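Input: a single structure, listed below in structure tokens.
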Amino acid sequence: MNFAEEKTPAGFTLKIMYSKMKFLVFNNKGESVFADKEGRTLLHRMPNIVFVGSTFEIERDYDREFFLLKVRNNHIVLPYRDIVEKKRKFIFINYFSTVDLIPAIITHIRGYSSMLKNIAPNIEIDYLIYDETITDIEISVLVSRYKPFELINASKKKSEIAAPETREIPKELDLVNINTMSDNALFLASFHLKNMALSNLNQLLLDFEIPAFDAQYIIHRINDILEGKSAEDLVINRSMLIDLKNSFEFYLALIERDEDKIKNILSAETDAKKLAPYRTLISKVRAMNPGKEGQLLYTEYENMLIDRIEELKNSARI
């Protein structure tokens, strides 16, 4: 049977079509509950969650073809067991829902090679969760292949950044711009971050038309590094890492045409000099959108940027 019905503690009824990755929700009066804030669809989509790594253990109910996950304050509560620390842990995933319990498909793959072998590239993955047994390069390949909606590092161990005196970069790479040696922005970003080649990462942002998901992943990697406070050369590079993160976030807001985000980024920055390079990013994204609508929109964004820079300069003169 490809259909199941479940009752939630809050009194909702779930009609689950797990072979189609969909479900319907009814309240205790029998009324349908919309899947979105706008009230456009009644069909809820079951999240597809994949754990990859050998330190996970997923507890499952073998009587069901799916998992039931609690939702608290618009967050999925996702339990798993860390077999190294021998602890039950939880991941909290942003997820809009008025329901207290949702069905989900959860798959555990023990390693990189197994995932490539057992999961087809056309499988839509909502949340790809990995541990420290999966390398940065392997993650880059998995992200490029499956394009998950969100990538989550479940490990407490942060990205390890080699100290300047121990970091080795092949001499032949000193003589060329490595950004010309590959068209894989995620691979290059991981390489530059591993070697703290932050100028090259900045150039990558200028040289490549980076898709939104790839930009999100790079921001995620920079955040991982910024949280890795034990890294010796983080103190030296912290300021530039923050600037790079801000630049990638501004670029992401531009390509997604998220005007509210653009305004928030501009208003949050108090240094006119740090805003100046954003004009180059606007010119770049404008060139990626040659249509009349795009040209007008990005000119408007550029005017917003110019106004903010002038505002900061005038404040500095007072």
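The values are calculated or read from the model by the stated rules, or taken from the named source; none is laboratory data. Just so it is clear, the structure is predicted and the values come from calculations on it, not from any experiment. Because the Cβ atoms are built from the backbone with ideal geometry, glycine has one as well, and the counts that use them run over all protein chains shown.
Please verify whether ILE137 is under 21 Å from ALA215 (Cα atoms), touching a Ser or Thr at 6+ places or on another chain (Cβ under 8 Å) and surrounded by fewer than 17 Cβ atoms within 10 Å (Cβ to Cβ), treating the condition exactly as stated. Write out each step before concluding.
Working: under 21 Å from ALA215 (Cα atoms): yes; touching a Ser or Thr at 6+ places or on another chain (Cβ under 8 Å): yes; surrounded by fewer than 17 Cβ atoms within 10 Å (Cβ to Cβ): yes.
Answer is yes for this residue.
Read through the list (1) at pLDDT below 90; (2) touching a strand residue (DSSP E or B) at 6+ places or on another chain (Cβ under 9 Å); (3) charged (D, E, K, R), then give the number of the only condition that GLU57 fails.
Of everything listed in (1) at pLDDT below 90; (2) touching a strand residue (DSSP E or B) at 6+ places or on another chain (Cβ under 9 Å); (3) charged (D, E, K, R), GLU57 misses just condition (1).
Looking at this structure, is SER247 small (Gly, Ala, Ser), at pLDDT below 90 and either part of a helix (DSSP H, G or I) or surrounded by fewer than 19 Cβ atoms within 10 Å (Cβ to Cβ) (or both)? Reasoning before the result, please.
On the way: small (Gly, Ala, Ser): yes; at pLDDT below 90: no; either part of a helix (DSSP H, G or I) or surrounded by fewer than 19 Cβ atoms within 10 Å (Cβ to Cβ) (or both): yes.
No; evaluated as a whole, the condition is false for this residue.
Is it the case that LEU151 is within 24 Å of LYS194 (Cα to Cα), under 18 Å from the mean Cα position of the chain (by Cα) and not basic (Lys, Arg)?
Details: within 24 Å of LYS194 (Cα to Cα): yes; under 18 Å from the mean Cα position of the chain (by Cα): yes; not basic (Lys, Arg): yes.
Criteria met by LEU151.
State which residue is farthest from LEU142 (Cα to Cα) when the search covers only the stretch 214-228 and only residues that are touching a Lys or Arg at 6+ places or on another chain (Cβ under 8 Å) and of a type in the set (D, E, K, R). Give the derivation first.
First, pick out the residues of the stretch 214-228 that are touching a Lys or Arg at 6+ places or on another chain (Cβ under 8 Å): 219, 222-228.
Next, only the ones that are of a type in the set (D, E, K, R) stay: 224, 227.
Numbers: ASP224: 18, GLU227: 23 Å.
Among residues in the stretch 214-228 that are touching a Lys or Arg at 6+ places or on another chain (Cβ under 8 Å) and of a type in the set (D, E, K, R), the one farthest from LEU142 (Cα to Cα) is GLU227.
Which one of the conditions (1) in a strand (DSSP E or B); (2) at pLDDT 90 or above; (3) touching a Leu at 6+ places or on another chain (Cβ under 7 Å); (4) under 22 Å from GLU150 (Cβ atoms) does LEU24 fail to meet, given that it meets all the rest?
(4)
Counting just the residues of the stretch 120-168 that are more than 17 Å from PHE191 (Cβ to Cβ) and of a type in the set (Val, Ile, Thr), which one comes out modelled with the lowest pLDDT?
Filtering first and then ranking leaves ILE152.
Return the residue satisfying two criteria in turn: it lies in the stretch 67-85 and is among the charged types (D, E, K, R) and touching a strand residue (DSSP E or B) at 6+ places or on another chain (Cβ under 7 Å), and of such residues it is farthest from ILE129 (Cα to Cα). Break it down stepwise before answering.
First pass over the stretch 67-85, keeping only residues among the charged types (D, E, K, R): 70, 72, 81-82, 85.
Remaining after also requiring touching a strand residue (DSSP E or B) at 6+ places or on another chain (Cβ under 7 Å): 70, 81-82.
Numbers: LYS70: 18, ARG81: 13, ASP82: 13 Å.
Step by step, filter the stretch 67-85, then rank; the result is LYS70.
Within the stretch 1-55, count every residue that is polar (S, T, N, Q), out of contact with any Lys or Arg (no Cβ under 7 Å at 6 or more places or on another chain) and either surrounded by 15 or more Cβ atoms within 10 Å (Cβ to Cβ) or over 16 Å from THR98 (Cβ atoms) (or both).
Summing the residues that are polar (S, T, N, Q), out of contact with any Lys or Arg (no Cβ under 7 Å at 6 or more places or on another chain) and either surrounded by 15 or more Cβ atoms within 10 Å (Cβ to Cβ) or over 16 Å from THR98 (Cβ atoms) (or both) in the stretch 1-55 gives 5.
For ALA35, indicate whether it is assigned to a loop (DSSP other than H, G, I, E, B), touching a residue at least 24 places away in the same chain (Cβ under 8 Å) and either more than 15 Å from LEU68 (Cβ to Cβ) or not polar (S, T, N, Q) (or both). Steps first, answer last, please.
On the way: assigned to a loop (DSSP other than H, G, I, E, B): yes; touching a residue at least 24 places away in the same chain (Cβ under 8 Å): no; either more than 15 Å from LEU68 (Cβ to Cβ) or not polar (S, T, N, Q) (or both): yes.
No.
Quick one: in the stretch 23-66, which of the residues that are acidic (Asp, Glu) and within 26 Å of the chain's Cα centre (by Cα) is farthest from LEU128 (Cα to Cα)? Break it down into steps so the answer makes sense when it comes.
Taking the stretch 23-66 as the starting set, the residues that turn out to be acidic (Asp, Glu) are 31, 36, 38, 57, 59, 61, 63, 65.
If we keep only those that are within 26 Å of the chain's Cα centre (by Cα) too, we end up with 36, 38, 57, 59.
Working: ASP36: 23, GLU38: 27, GLU57: 15, GLU59: 17 Å.
Looking at the filtered set, the residue picked out is GLU38.
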